[in-house]
């Protein structure tokens, strides 16, 4: 099934509000919880066509509410598995199998519950051309970074791949900072070779 990546006006309005709340709190998801929960109640009181964009909206809200309940947890498993979040993601995918923004969020959810194998799979099948058209170079680098992080946790990557990504970042003009890669390597110190450490120290 080809995706148009289009929302209805109503769902786009609420998706926009989700990110406005997150930006307002400077990505402090705990502070976002009250506003996101209130927005979910408003959405649930509205009448929607139960199409993929509706389930994408609910999945997005439930995902960020789930994130907002986490205070401090080990990096490799920030979230607990959440059946409600998974249900809405999967329902939306049944109606729209090729949806890069939703695939990205679902990949993040899987990554944050420590399901690195399936997270890598979700990130790897994202149609990067969608973000290229949106000039989303940061998002493309983030997807590439998270795939590498998954492979580090799974012990399925070699030094040259990590070094190649670091060189790619250094050669880009976006000022991209690989926060997830750095945190991942902290939890996998045996994977940090002298060459990798030198390259990271130079960023």
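The values are calculated or read from the model by the stated rules, or taken from the named source; none is laboratory data. Predicted model only: the values in this text are computed from it and were never measured. Neighbour counts are summed over all protein chains in view; Cβ atoms, including those assigned to glycine, are modelled from backbone coordinates with ideal geometry.
Pairing each residue of region 135-164 that is touching a residue at least 60 places away in the same chain (Cβ under 8 Å) with any residue that is assigned to a loop (DSSP other than H, G, I, E, B) and crowded, with 18+ Cβ neighbours inside 10 Å, provided the two are 6+ apart or on different chains, yields no C-beta distance under 7 Å. Here the condition is being modelled with pLDDT under 85, surrounded by 11 or more Cβ atoms within 10 Å (Cβ to Cβ) and touching a helix residue (DSSP H, G or I) at 6+ places or on another chain (Cβ under 7 Å); of 200, 181, it holds for 200 alone. Going by what's in this entry, would residue 81 be described as part of a loop (DSSP other than H, G, I, E, B) and under 29 Å from residue 31 (Cα atoms)? Spelling it out, residue 81 is indeed part of a loop (DSSP other than H, G, I, E, B) and under 29 Å from residue 31 (Cα atoms). Mind checking which residues of region 159-178 are under 25 Å from residue 121 (Cβ atoms) and either modelled with pLDDT under 90 or touching a strand residue (DSSP E or B) at 6+ places or on another chain (Cβ under 8 Å) (or both)? Of everything in region 159-178, just one residue is under 25 Å from residue 121 (Cβ atoms) and either modelled with pLDDT under 90 or touching a strand residue (DSSP E or B) at 6+ places or on another chain (Cβ under 8 Å) (or both), namely 176. From the list 52, 23, 89, 93, the lone residue that is out of contact with any strand residue (DSSP E or B) (no Cβ under 8 Å at 6 or more places or on another chain), modelled with pLDDT of 85 or more and within 15 Å of residue 113 (Cα to Cα) is 89. Screening the candidates 102, 78 for the property of being surrounded by 14 or more Cβ atoms within 10 Å (Cβ to Cβ), at pLDDT below 85 and within 24 Å of residue 148 (Cα to Cα) yields one hit, 78.
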